[in-house]
1. Looking only at region 266-322, how many residues end up being of a type in the set (A, V, I, L, M) and touching a strand residue (DSSP E or B) at 6+ places or on another chain (Cβ under 7 Å)?
2. Looking at 257, 233, can you tell me which residue is more than 16 Å from the ligand (Cβ to nearest atom) and more than 15 Å from the chain's Cα centre (by Cα)?
3. Give region 106-120 a look and list any residue that's closer than 23 Å to residue 46 by Cβ and away from the ligand (no atom under 12 Å from the Cβ), or say none.
4. Scan region 56-100 for residues that are within 13 Å of the ligand (Cβ to nearest atom) and of a type in the set (Ser, Thr, Tyr) and jot them down.
5. Any residue in region 349-362 that's without any contact (Cβ under 8 Å) to a residue 60 or more places away in the chain: show its pairings with residues that are of a type outside the set (A, V, I, L, M, F, W, C) at Cβ separation under 8 Å, as long as the two are six or more apart or on different chains.
6. Of the residues that sit in region 264-296 and are over 30 Å from residue 44 (Cα atoms) and hydrophobic (A, V, I, L, M, F, W, C), which one is nearest to the ligand (Cβ to nearest atom)?
7. Which members of region 79-134 meet the condition of being touching a Cys at 6+ places or on another chain (Cβ under 9 Å), touching a residue at least 40 places away in the same chain (Cβ under 8 Å) and of a type outside the set (A, V, I, L, M, F, W, C)?
8. Being in contact (Cβ under 8 Å) with a residue 40 or more places away in the chain and either under 30 Å from residue 105 (Cα atoms) or within 11 Å of the ligand (Cβ to nearest atom) (or both) narrows it down to one of 219, 197, 193, so name that one.
Amino acid sequence: MRGRVGGTRPPCREGHPARTSGFPPHAKILDVSANDRPTGQQTKQQSRTYDSAFLKACRREPVPHTPVWFMRQAGRSLPEYLKVREGIPMLESCMRPELVTEITLQPVRRHKVDAAIYFSDIVVPLKAIGLDLDIKPGVGPVVADPIRTRADLARLRDLTPEDVHYVTEAIGMLTGELGDTPLIGFAGAPFTLASYLVEGGPSRSHERTKAMMYGDPQLWADLLDRLAEITSAFLKVQIEAGASAVQLFDSWVGALAPADYRRSVMPASVKVFDAVAGYGVPRIHFGVGTGELLGLMGEAGADVVGVDWRVPLDEAARRVGPGKALQGNLDPAVLFAPTEVVEAKTDEVLAAAKGLEGHVFNLGHGVMPSMDPDALTRLVEYVHTRTTV
Ligand code: 1CP
């Protein structure tokens, strides 16, 4: 099933369990394995945020100004983030709803971005199904026992809403606080998750991952299919709880040639996008260094294709084709240059975005820990000022 984002406004589904109170009882959470929400029905939060600039841009409708948010805006450079995180390990902080709510709101309060992104990490659902992994400061996700054989696949069981009850709780709290600012839910795409699971941690060349993909295509396909199931279930939890859009991060898939992407990765990503198509919330797809894959990543089922800084947006639009919005794409490193340079480079991005059907302004990848938060605040204001109609 392919969903369509746009068109007439779907009805609000009142009395949805996740919306009846700020703290939905776990027992009443819908079975996320069944795609039981009829196409186009919305939670109250999705309805409340429907007319936001961010969701309009995703739907390729006219906007009052170009909406802005930043990947990795939650956490990283903010002093108020470092303060609330003090002494709390990363994964534990993802499981504390009050803390998640606070960290998610911090960049919205400070920078006045047009969307919030849920504070979590792509490995949270894997931890939730019982894998022994941790996020090591300064390193990233590290898996104690990597997945490398058919027998290892048995450790990847289905994800249930109860496994991530803290996500439903946190989104319930968040949507009360966010008002008409949309919340973006997210997950890691099957390839990027597999790269951590197979390598056992961050990797530059993804050699073990590619060795499995090329050397044992059936095991690889089964691994990606398992991860697609888990990822779909995780995204459904977030949408059911009130996320107004979702982003699938395939951060490291730019390591692949288009033919290998199409053959060995795309079917699993298609499965994830199809699983959430019926909700009618925009689906964003992003990876780094994916200039050669942009068309295929759109084809996988995205409504919005994220572009890193290497391909100008007008050229990206040609590669993606009609019927999709684009997100991006200022080089994050530009933020370390003087304000006049940031503004000039931002103008270049906005000029390249002029003819797009829909544009969400973002960096070409995430906020870096050493970035000056004030430079980000100024950037949001600049994009808003330059694009207000
Ligand atoms: O202790 C800490 O503060 C650890 C730093 C940190 C943070 C703040 C990590 C470790 N993850 C996060 C949060 C996080 N991760 C968010 C929060 C929401 C936001 O503001 O965007 C998101 C969306 C992610 C997603 C994520 N994690 C991705 C995909 C996005 C991307 O940047 O490409 C990836 C690849 C990860 C893995 C990961 N987690 C953390 C690190 C340092 C890494 C990368 C490691 C590597 O280089 O492989």
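1. So the answer is 15.
2. One residue alone meets the criteria, 257.
3. 109, 112, 114
4. 77, 81, 93
5. These pairs meet every condition: 349/328; 349/329; 352/312; 352/314; 352/315; 354/314; 355/314; 356/314.
6. Ranking the candidates gives 288 first.
7. 120
8. Residue meeting the stated conditions: 193.
Computed from the coordinates by the stated procedures, all read-outs in this text should not be read as laboratory data. Just so it is clear, the model here is predicted, and its values are computed rather than measured. Virtual Cβ from ideal backbone geometry, glycine too; neighbours counted across all protein chains shown.
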